[in-house]
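Enquirer: Mind having a look at this structure? Questions to follow.
The values are calculated or read from the model by the stated rules, or taken from the named source; none is laboratory data. Note that the coordinates shown come from a computational prediction; the quantities given were computed from them, not determined experimentally. Using ideal geometry, Cβ is built from the backbone for each residue, glycine included, and neighbour counts are taken over all protein chains shown. Just the protein is used for accessible areas: all its heavy atoms, side chains included, with ligands, DNA and RNA removed. Shrake-Rupley method; radii C 1.70, N 1.55, O 1.52, S 1.80 Å.
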Amino acid sequence: MGINFRKETFRDDFSFRNSPEQIRRFPFPFHEDGYMYAVNIEPHTPGPKNTVFEHLIDVDEHYVSEMEDRAQVLAEDPLRCQSLPHMTLAGWDLLELLMIQKAESYPEHFSLTRDGDKWHWVNRPLGIDDHFTFGDVSTLPYGPMEYITRQSQGDFCVLDQRDGNLWMDAGIVTTQADWSLDFDIGMNFFEWHAPVPLAHEMGIFNRALKFLTNIQQGQPARRFNWTMTINPRLDTSPENYHKWGVDRTTVTPDNVGQKVHLRVELQSFWRLPRSNALVFPIRCYLIKMDELVTSPKWARRFHRVLRDLPNELAEYKGLTRYRQTVVEWLSQYDDGAPTSSGFGPD
Amino acid sequence: MTANSILSRPVYGTLSPQPGRNHLFVADAEGAAAILDMAKAAPKGFFADAHIIFVPGDTGAHYVEALKSLQAARFYEGPSTAAALPRLRQTLATAHMGLRIYLAGTEGLIGLAMQAAMEAGFDHASIQTEHRGSLARRIQCVHCKGITENVTTQPATCSHCGLVLLVRDHYSRRLAAFQGVCINAEDPTEIPQAEEIFR
Amino acid sequence: MSAGTSKIDVTVTDVVTVNELVKRFHFRRADGQLLPTFSGGAHIVVEMRDDDRTRLNPYSLMSSPLDTRDYTISVRRDDTGRGGSLFMHQRVKPGMGMVISSPVNLFSLDLRARKHLMIAGGIGITPFMAQTSQLSGDGSNFELHYTCRTEALGTYADVLRARYGRRIHLYRDDQGERLPLEQLLASQPLGTHLYICGPAGMIDWVRRTAAEAGWPDDTVHFEHFAAPQPGKPFDVTLALSGKQIHVGEQQSLLEAIEAAGIDPPYLCRGGVCGQCETKVISYDGKFLHNDHWLSEEEHRSGCKIMPCVSRFDGKSLVLER
């Protein structure tokens, strides 16, 4: 069995597609016909088969191509992966977490053999077979965080916990929704969220911080976030905004289906044992509008969410230039029928 | 002094004497007046364990005599912030716990001195700051990573790559800089008029 | 979602008499697996089932975080306490099955520190046993100053000296030796962090002296578990569940709430983590606040109580539980 890894691109000719099976498991983030911030955090426990929650660290058909895209981003801009000096121990914690989760969930693709601190890691999809000493940086080609996150889908923020706050002191960020690790590294929870509109006034971040600082080992939690991206581009970084920003002006009624993507972030939150740090894996899932509307419920609901979104949020998410075009395109799939509650397709 | 803004925008206070064994002041231009105001409230003998690093710039020369009259254990007058920084770093490298740090003047000076203190192991939250004088900003261009000093306009032009940048209130203590993001990425033909707003 | 930690079934593998007041307990997982990795300064909550009552007491892990085959804790006998330490000393034997919580760290090292300066008093040495193991493993700079009544009660001083030599400084009360605190605090390089664990009086003294010497709050860390104290019995109404409970002399309010079948969240059971904070609906009497979580203002307001360590003396108390 195993996963059938696709060969595709997230830049230039944008050959990214979802297979029909992948569309069915897409983590549609709206449980009702509207959207507003909430501290929508729930326990991150394994979910049903053929969902992105089946395993706590999801590996899907885009894995190999996403890792190639990440390597290209890092070659062009090494500042996308940084770790302040006191975060090396947390990097080892993260390496342990990801290797164990991958090897347990996908034994046909990954294996880990441990004999004390002598570890043997095999990643078959990427052709990696390494022996190293756990805790000894000199035995890996990169620092521990960079080594394992070059082999893991999604961005990773590693947060030191001090003085009742969380500090973004390490991370690898190549598939982000328009924020800069290089700029935000070293900031606390309120500072790096500072540009987000409305939520501060609603007390969202105070409540979220209280919850996150109390997350215990072995009891991870998760939440969704979402935005939209023109073309299936993973690297929508502010660093390259002057190169991709112009994409937002290219949306027409004829190309919405292929060009416009809903971008869902599945964020999970884990306590790391040795460092007492937290890690936020931020996993990005893309789906084309043509793919999304294959589920009538998702089409109706997303039309209503996008149509009724407060302007501040649309502006913050960068949707303003093309929102109306997409809402009109989606309206052809919305007959006004009621939708069932919950996330899944009907 | 500075309008309400987002939470990453630094908030400056008013210098006040802290318990401690040694006191290190770093100020530029009108920042001297903040030290002089604080001195009025300081206990007797406070400056006997103080070290003042002062960069008068174009507008601060007339404060020098008044600062000297505080009779700090050490007083240094430097021609520029850049020239004073090696001295500051050396002072921090040999300092002991019990040192308190006070920064006053322009945002650029406060940011650079705080950056040096943080590199020496000092937590930003325990540093006293007071903003006086110019509101000119240090800007990091998020695209090319170059720092442009003394930015007074919105938008501003990156002095390294030439992109026209929206100057945000989002601020990085680690970089001692505000963030600049290309303002016309979605339509490069739009060239907004620059207005002088950070004076 | 309530906070709290998962539970682990363990077997007591060894009980060692360390000196006249302290015993050490070794636990392994009952299923033979490795225990969870932890960080220096973490504690576990040990469940003590003593006939018809259950006590839950927090103890710092003192074994090396680098070795999770077993966990070890040290318990000082307290003849006037509520009996938790006496239970451990008198009833717990090798081979016994017990239940512990997963580790939680409320006394974490600040890994940015250029140097870690540790001050221990008496049994407050235990979290530093794990922290020094962790720090020496990665070559960090640390120094430990340890005050005790007599050499014989300087629990593990010999072990620490053998491991770390001149980094360990012992001060014996009966020899007239005193910790030269002011001098010590004045001679530390910039970027040093201070950690204190010991009796409340010592923690207050060190914190106050450090603040006066200009140490910023963020560089001073302390472990302030207040063991619940026995006290006069009192009655409480739990409004949400509609129950009347009686808090016995040797019982904490939290334990009495749990005995009534209600499970408030908790992490520390020592008045520091804030998890079990409970709203007061009405009261007629006097609160005996013993926690370090609520502010003085909150203590005075009579609106909140930390049931893990605080008590009540008066006619009536109604809580939102």
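Enquirer: So, in segment C:93-136, exactly how many residues are touching a Cys at 6+ places or on another chain (Cβ under 9 Å), away from every other protein chain (no Cβ under 14 Å) and in a strand (DSSP E or B)?
Expert: 3
Enquirer: Right, something else. Limited to segment A:45-85, what total is found for residues that are within 14 Å of chain C (Cβ to nearest Cβ) and either out of contact with any Asp or Glu (no Cβ under 7 Å at 6 or more places or on another chain) or at positive phi (or both)?
Expert: Residues in segment A:45-85 being within 14 Å of chain C (Cβ to nearest Cβ) and either out of contact with any Asp or Glu (no Cβ under 7 Å at 6 or more places or on another chain) or at positive phi (or both): 3 in total.
Enquirer: Quick check: is even one residue across segment C:259-281 without any contact (Cβ under 8 Å) to a residue 40 or more places away in the chain and outside any loop (DSSP other than H, G, I, E, B)?
Expert: Scanning segment C:259-281 turns up no residue that is without any contact (Cβ under 8 Å) to a residue 40 or more places away in the chain and outside any loop (DSSP other than H, G, I, E, B).
Enquirer: Here is a follow-up. I need the full set of residues from segment A:206-226 which are of a type outside the set (S, T, N, Q) and part of a strand (DSSP E or B), in order please.
Expert: A:A221, A:R222, A:R223, A:F224, A:W226
Enquirer: What residue, of A:S105, A:S111, A:S138, is out of contact with any Gly (no Cβ under 9 Å at 6 or more places or on another chain), in contact (Cβ under 8 Å) with a residue 40 or more places away in the chain and among the hydroxyl-bearing types (S, T, Y)?
Expert: Of the residues listed, the single one that is out of contact with any Gly (no Cβ under 9 Å at 6 or more places or on another chain), in contact (Cβ under 8 Å) with a residue 40 or more places away in the chain and among the hydroxyl-bearing types (S, T, Y) is A:S105.
Enquirer: Let me ask something else about it. From the list C:T54, C:T80, C:T37, pick out the single residue that is within 20 Å of C:D138 (Cβ to Cβ) and open to solvent by 20 Å² or more (accessible area, probe 1.4 Å).
Expert: Criteria check complete, one pass: C:T37.
Enquirer: Out of segment B:150-186, which residues are charged (D, E, K, R) and touching a Ser or Thr at 6+ places or on another chain (Cβ under 8 Å)?
Expert: Those that are charged (D, E, K, R) and touching a Ser or Thr at 6+ places or on another chain (Cβ under 8 Å): B:D169, B:E186.
Enquirer: Okay, moving on. Does segment A:232-258 hold any residues that are within 14 Å of chain B (Cβ to nearest Cβ) and part of a loop (DSSP other than H, G, I, E, B), and which are they?
Expert: Passing the criteria: A:R233, A:D235, A:S237, A:P238, A:E239, A:N240, A:T250, A:V251.
Enquirer: Applying the selection to segment A:135-151, what residues are among the aromatic types (F, W, Y) and open to solvent by 50 Å² or more (accessible area, probe 1.4 Å)?
Expert: A:Y142
Conditions (1) under 20 Å from the mean Cα position of the chain (by Cα); (2) within 11 Å of another protein chain (Cβ to nearest Cβ); (3) crowded, with 23+ Cβ neighbours inside 10 Å, marked per residue:
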{"position": "B:I110", "(1), (2), (3)": "yes, no, yes"}
{"position": "B:E119", "(1), (2), (3)": "yes, yes, no"}
{"position": "B:D123", "(1), (2), (3)": "yes, yes, no"}
{"position": "B:E149", "(1), (2), (3)": "yes, no, no"}
{"position": "B:T152", "(1), (2), (3)": "yes, no, no"}
{"position": "B:P188", "(1), (2), (3)": "no, yes, no"}
{"position": "B:P192", "(1), (2), (3)": "no, no, no"}
{"position": "B:F198", "(1), (2), (3)": "yes, no, no"}
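Enquirer: As an exercise: evaluate A:L266 against (1) out of contact with any Pro (no Cβ under 6 Å at 6 or more places or on another chain); (2) of a type in the set (A, V, I, L, M); (3) more than 14 Å from chain B (Cβ to nearest Cβ) and give the number of the one condition it does not meet.
Expert: (1)
Enquirer: Out of segment A:189-223, which residues are touching a Pro at 6+ places or on another chain (Cβ under 7 Å) and without any contact (Cβ under 8 Å) to a residue 60 or more places away in the chain?
Expert: Within segment A:189-223, A:Q217, A:G218 meet the criteria.
Enquirer: If you go through segment C:188-204 one residue at a time, do you hit one that is acidic (D, E) and within 14 Å of chain B (Cβ to nearest Cβ)?
Expert: No, segment C:188-204 contains no residue that is acidic (D, E) and within 14 Å of chain B (Cβ to nearest Cβ).
Condition check ((1) touching a residue at least 40 places away in the same chain (Cβ under 8 Å); (2) open to solvent by 20 Å² or more (accessible area, probe 1.4 Å); (3) small (G, A, S)) across all residues:
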residue: B:V11; (1), (2), (3): no, yes, no
residue: B:A27; (1), (2), (3): yes, no, yes
residue: B:P56; (1), (2), (3): no, no, no
residue: B:S69; (1), (2), (3): no, yes, yes
residue: B:G78; (1), (2), (3): no, no, yes
residue: B:A82; (1), (2), (3): no, yes, yes
residue: B:R89; (1), (2), (3): no, yes, no
residue: B:L99; (1), (2), (3): yes, no, no
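Residues are listed down the side, and each one gets a yes or a no for (1) over 21 Å from C:L135 (Cβ atoms); (2) open to solvent by 20 Å² or more (accessible area, probe 1.4 Å):
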site	(1), (2)
A:W92	no, no
A:M99	yes, no
A:Y106	yes, no
A:D115	yes, yes
A:N123	yes, no
A:D129	yes, yes
A:T133	no, yes
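Enquirer: Mind counting the residues in segment B:73-108 that are more than 14 Å from every other protein chain (Cβ to nearest Cβ) and outside any loop (DSSP other than H, G, I, E, B)?
Expert: Count: 16.
Enquirer: Quick one: B:S172 ticks every box in (1) open to solvent by 10 Å² or more (accessible area, probe 1.4 Å); (2) of a type outside the set (A, V, I, L, M, F, W, C); (3) away from chain C (no Cβ under 14 Å); (4) within 28 Å of A:P238 (Cα to Cα) bar one, so which box is it?
Expert: So the condition that B:S172 fails would be (1).
Enquirer: Here is a further query. Which of (1) over 17 Å from B:H96 (Cα atoms); (2) free of Cβ contacts under 8 Å to residues at least 12 places away in the same chain; (3) not in a loop (DSSP other than H, G, I, E, B) is the odd one out, the single condition C:G139 does not satisfy?
Expert: Every listed condition holds for C:G139 apart from (3).
Enquirer: May I ask you to list the residues in segment A:314-346 that are within 18 Å of B:E186 (Cβ to Cβ) and either under 22 Å from the mean Cα position of the chain (by Cα) or not in a loop (DSSP other than H, G, I, E, B) (or both)?
Expert: Selection gives A:A314, A:E315, A:Y316, A:K317, A:G318, A:L319, A:R323, A:Q324, A:T325, A:V326.
Enquirer: Any idea which of C:H89, C:H43 is in a helix (DSSP H, G or I), of a type outside the set (F, W, Y) and open to solvent by less than 20 Å² (accessible area, probe 1.4 Å)?
Expert: Residue meeting the stated conditions: C:H89.
Enquirer: Here is a list: A:T51, A:T9. Which entry is within 16 Å of the chain's Cα centre (by Cα), of a type in the set (S, T, N, Q), farther than 19 Å from A:R271 by Cβ and open to solvent by 20 Å² or more (accessible area, probe 1.4 Å)?
Expert: A:T51
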